[in-house]
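These notes concern the structure reproduced below.
The values are calculated or read from the model by the stated rules, or taken from the named source; none is laboratory data. If you're wondering where the values come from, they're calculated on a predicted model, not measured in any experiment. Using ideal geometry, Cβ is built from the backbone for each residue, glycine included, and neighbour counts are taken over all protein chains shown.
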Amino acid sequence: MGETRHADVLVVGGGIIGLAVAWRARRRGMSVTLLERGKTGQGTSRVAAGMLAPVAEVEFGESGRQVLELGLRSGALWPTFAAELQEASGIALALQQTGTLLLARDEDEARELERQLSFRSSLGLRVERLRPSQAREREPALAPTLRLALEAPDDHSIDPRPVLAALREACERAGVRVREQAAVSSVELDGGEKVRGVVLEDAERIAAEQVVLAAGPWSEMIAGLPPRARVPVRPVKGQILRLRDPAGAGLLRRTVRFEGGYLLPRGDGRYVLGASMEERGYELAPTAGAVHELLRDAHELVPGVRDLEIEELSVGLRPSTPDNTPAIGAAALEGLTWATGHHRNGILLAPLTAELVAGLFDPSVARPDAEELLAACAPERLAQVDAPAEAPPLAVAGRGS
């Protein structure tokens, strides 16, 4: 097929990262085309719980600190980002600013929570140690067998599904050309040093000055790049339940996290229980074992879970790099930008990722801290690196979305 019309920016991937990047780039006056292999907002982002929880999610090690810094700065953007997006789309968005409780069921978990408290305190994060009675005063639905709790008041959440619908609407209103069922097979190079566009699976060619790869766990499937310009991204399977209380809201106000998962209230009688962390490749089949473990662990700490109705069981694939830090920024080839590998933090990091990428295209709107932040997640750190045979250690503070 012949080459289609030219775009200033071509975004590959219609999840929350791709949509946010496309919207921001279009607001900066660039012509933007977004390509999605299926339907926008129907993949990993739709499955995610939507925790905006950099404090609860922080991991030990240098990579953990880098992701924390990204998360804190992006979390600070969310109130304004949500307000702007609501105005641009006409779709209501409810940011839940209720905090998170990290819970321990036994002495071993209590000792680990004490270690987590010391770690977060050393980073200057706001976390409060709660006795079981104090935790139950805040959340009466917690089990009397609770041993210890930490409260992270600055962690919040948002339902990704209205956000995805709002981003799609905002993109269309702004003039982004959105194409669904448009799977990209390869990136097209001009002389081996510059990206000139992409080729779709049906052989259609689309030209662009800038190509942004935001295809999440499917980024590895896009051919045409030399090893020095590639980013290894592996899928990490997550199973997640959506529950409903027929009695309405009131079981929990705060998100509660525990060894093995979390229970997140939406504020309207609906809850999200998740999420497994499984190295299963691109497998999307739900399993009875994972569901059993989630329900069992949650029931030990919030017995009222047994009375909730199951509305949905979902499976998603988190896009993860070898160090579980996202790849955001310019690649080794002119005209190519990566925005992928966000692991459990795609919803949290969407506003910051969009700002950083837009700043690369238009330096006049670049953040003052852009150079520092882009250095922490530079794609070049992963060039010519193969995914490890064994996955790196996952979160020490529970499982995320």
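Scanning region 231-266 for residues that are within 22 Å of residue 319 (Cα to Cα), surrounded by fewer than 23 Cβ atoms within 10 Å (Cβ to Cβ) and basic (Lys, Arg) yields 234, 242.
Within this structure, residue 291 fails the test of being over 17 Å from the mean Cα position of the chain (by Cα), crowded, with 21+ Cβ neighbours inside 10 Å and not aromatic (Phe, Trp, Tyr).
The residue list 348, 301, 360, 356 contains one member that is under 19 Å from residue 43 (Cα atoms) and in contact (Cβ under 8 Å) with a residue 24 or more places away in the chain, which is 348. Would you check if residue 165 is touching a Gly at 6+ places or on another chain (Cβ under 8 Å) and under 18 Å from residue 335 (Cβ atoms)? For residue 165, the condition - touching a Gly at 6+ places or on another chain (Cβ under 8 Å) and under 18 Å from residue 335 (Cβ atoms) - is not met.
Taking (1) within 24 Å of residue 233 (Cβ to Cβ); (2) assigned by TED's automatic domain parsing to the domain that holds residue 302 in turn, residue 168 satisfies each apart from (2). Report yes if some residue within region 376-390 is of a type in the set (A, V, I, L, M), modelled with pLDDT of 50 or more and within 21 Å of residue 52 (Cα to Cα); otherwise report no. Among the residues of region 376-390, at least one is of a type in the set (A, V, I, L, M), modelled with pLDDT of 50 or more and within 21 Å of residue 52 (Cα to Cα), which makes the answer yes.
Within region 42-81, the residues that satisfy the criterion of being surrounded by fewer than 22 Cβ atoms within 10 Å (Cβ to Cβ) and part of a loop (DSSP other than H, G, I, E, B) are 42, 59, 60, 61. Among the residues of region 3-55, what is the count of those that are more than 22 Å from residue 84 (Cα to Cα) and among the polar types (S, T, N, Q)? Residues that pass the stated criteria total 3. Screening the candidates 116, 97 for the property of being at pLDDT below 95 and either surrounded by fewer than 24 Cβ atoms within 10 Å (Cβ to Cβ) or not assigned by TED's automatic domain parsing to the domain that holds residue 339 (or both) yields one hit, 97.
Just to be sure before I move on: is residue 358 small (Gly, Ala, Ser), under 30 Å from residue 191 (Cα atoms) and part of a helix (DSSP H, G or I) in the structure I sent? Yes; evaluated as a whole, the condition is true for this residue.
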